Amino acid sequence: MIKLSKVAQFQTAIRAISNFISEGNFRFNDKGISLKAIDPSQIVLVQYEAPKGFFEEFKVEPNLVGIDLDEFNKVMKRALMKDTIEMDLNDNHLLVKLKGDLERSFRLSLIDISDEEAEIPQQEYDAKIETKARVLQEAFKDAELFGSSVVLKVEKGRFLVEARGSQGTLKTEAKSGELFKVKAKKDVTSKYSLNFLENIVKEADPESTVLMELKSEAPMRISYAIGDTTLQFHLAHMIL
């Protein structure tokens, strides 16, 4: 049995995951709940961690459970802010109860997914950028005016976002300071899908801190917290 009352945090996390992953294995153990999965196009790897302390009640046997994230997301959308969410496993089903002014019960069939977990890329990054999610959300909206991809650069303590298309170009520049914290061992230039970047950061609270870790012409890592839980994305690069 799992019980939690932090409805908005859990809803946001499941929505952020389901933006990329339609089905995946949730691992239940004495540390909490986690998920590692790669999207069907193999462009982004999603890692989610919800520690045991996130839940009011957490009594589970260690397990790896295949869940249809699209269907699970639909159920989570029905939860109200004052509800308590209860989850349990029974006869190859995930039982979800939403308890509030009404008590609603949902029964989702578990699915068979390979129990081979996605491997987290191990690499050294040459630059780290910390900023508010709202800043990146707006920068990527600007880039969308002209392109479907963006080039991210770190040069001499500056962070740059560049986009180019048939209608024009964009160059956004931010210097390391109070709003942006830029740490770099060397200059970095790398290109990424704008659509994937927008979907990665859109569920982050605008005032939350996003950490971007970059290396020239290499996958990037983006991390942020949703309340007491954490999301991490590894995004493949594009050829410059």
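Taken together, S109, S149 contain a single residue that is over 23 Å from the mean Cα position of the chain (by Cα), among the polar types (S, T, N, Q) and modelled with pLDDT of 95 or more, which is S109. Here L45 does not fit the description of being in contact with a Ser or Thr (Cβ under 9 Å, 6 or more places away or on another chain) and crowded, with 18+ Cβ neighbours inside 10 Å.
Scanning region 155-167 for residues that are under 28 Å from A50 (Cα atoms) and in contact with a helix residue (DSSP H, G or I) (Cβ under 7 Å, 6 or more places away or on another chain) turns up nothing.
For region 204-221, the set of residues classified as over 22 Å from R164 (Cβ atoms) and assigned to a strand (DSSP E or B) consists of T209, V210, L211, E213, R221, listed by residue number. Just one of the listed residues (K97, K74, K141) is part of a strand (DSSP E or B) and either modelled with pLDDT under 95 or of a type in the set (D, E, K, R) (or both), namely K97. Residues in region 174-189: is at least one touching a Leu at 6+ places or on another chain (Cβ under 9 Å), in a strand (DSSP E or B), of a type in the set (G, A, S) and in contact (Cβ under 8 Å) with a residue 24 or more places away in the chain? For region 174-189, residues touching a Leu at 6+ places or on another chain (Cβ under 9 Å), in a strand (DSSP E or B), of a type in the set (G, A, S) and in contact (Cβ under 8 Å) with a residue 24 or more places away in the chain: present.
The values are calculated or read from the model by the stated rules, or taken from the named source; none is laboratory data. Everything numeric in this text was worked out from a predicted model, so none of it was measured. For neighbour counting, all protein chains shown are included, and Cβ atoms are generated from backbone atoms with ideal geometry for every residue, glycine included.
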